[in-house]
1. Tally time: how many residues in the stretch 56-100 are exposed (fewer than 13 other Cβ atoms within 10 Å of the Cβ) and outside any loop (DSSP other than H, G, I, E, B)?
2. Contact list please: Cβ distance under 6 Å, first residue in the stretch 107-122 and on the phi < 0 side of the Ramachandran plot, second residue surrounded by fewer than 20 Cβ atoms within 10 Å (Cβ to Cβ) and part of a helix (DSSP H, G or I), pairs at least six apart or on different chains.
3. Could you go through the stretch 156-165 and let me know if any residue there is surrounded by 14 or more Cβ atoms within 10 Å (Cβ to Cβ), out of contact with any Cys (no Cβ under 8 Å at 6 or more places or on another chain), part of a loop (DSSP other than H, G, I, E, B) and of a type in the set (A, V, I, L, M, F, W, C).
4. Going by the conditions given, is Ser129 surrounded by fewer than 20 Cβ atoms within 10 Å (Cβ to Cβ) and assigned to a strand (DSSP E or B)?
5. If you scan the stretch 96-126, which residues turn out to be within 15 Å of Phe169 (Cβ to Cβ) and not small (Gly, Ala, Ser)?
6. Go through (1) surrounded by 13 or more Cβ atoms within 10 Å (Cβ to Cβ); (2) under 18 Å from the mean Cα position of the chain (by Cα) and name the single condition Gly21 misses.
7. Find the residue count for the stretch 95-124, including only residues that are in contact with a helix residue (DSSP H, G or I) (Cβ under 7 Å, 6 or more places away or on another chain) and of a type outside the set (A, V, I, L, M, F, W, C).
Amino acid sequence: MVDVGGVPLIARTIAALRRHGFSRLYVNLHYMPDAVTEYLGDGSRFGVEVRYSRESKLLGSAGGTKQFERFLPQTFLVAYGDVLTNADIGRLWHSHALAQADATLLVHRSERPWECGVVEFDEDGCVTSLVEKPARNAVTSDWVNSGVFVLDRSVLDLVALGENCDFSFDVFPAMLEAGRRIVAVPLAPDEYVIDIGTPAGLESARVRVSR
C-alpha cells in the first residue's frame, strides 16, 4: 500500500500483471490486512479476481504461497509485494516453458548483492548456486534474485503447510541439492527492478515512475 508516485505499489503490480494476461491473483496478508482488502476488494474494479490469505503468524514467502496451493494452476507466478518492475513477465513465462524448468527466476545485477539472494548460473541459464544474503566477503556474483519467478506447483511439495518457509533461504537451495531444474532469466537492458523496502529504494522507485 506504500505510495509510489501517487499510486499504491500493489495497484501498479496488479496493472503490470494484468497487461501480461494474469487475471486471478492471490494476495498474502499479515500486517494491517484491512488496508489492502478495503482498497482492492474482490479486484473487479482493477479487472482481476483477488483472493486473500490472512496469516495469523508470518509464514515466509514459500509458507505463505503454500496456503494457496489447492487453488493454483500447474504453473504460476510469484511476485514479491515490495518490488517495482517493468520487466516483460511474458518473456519470463515463455522462458520457463521453453526450458521445462521447475523454477525460473528473473535476475538482475546489484551493486549490493550481499543484501539479496545471490545467484550463479551457467551460459545456458541453469542456476548452479543461490545463497540468500551471504556475508559480504563471500559474494561470488552480482546477479541477484529479483523476487519475481515462475514455479511448477510441484515445488510446493517441499513446503510444509502452516510452517515458516522461505523460497530463497530454504526451497531453492533444497531444489538444487535435489537436482531440480532452476533457470535464471536476466533483465533486458531497458528493464528495471527496484526493491522499495528501504527509504533509498522507495525514493528511487518514485523517481523512476515520475520520468
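1. 5
2. Going by the 6 Å Cβ cut-off, the qualifying pairs are Trp114/Arg136.
3. Scanning the stretch 156-165 turns up at least one residue that is surrounded by 14 or more Cβ atoms within 10 Å (Cβ to Cβ), out of contact with any Cys (no Cβ under 8 Å at 6 or more places or on another chain), part of a loop (DSSP other than H, G, I, E, B) and of a type in the set (A, V, I, L, M, F, W, C).
4. Criteria met by Ser129.
5. Passing the criteria: Leu105, Trp114, Glu115, Cys116, Val118, Val119.
6. Gly21 satisfies every listed condition except (1).
7. Total satisfying the criteria: 3.
Read the figures in this text as sums done on the coordinates, not as results from a lab. In this text the structure is predicted, and so the values were computed from the model without any measurement. Backbone-built Cβ (ideal geometry, glycine too); neighbour counts: all protein chains shown.
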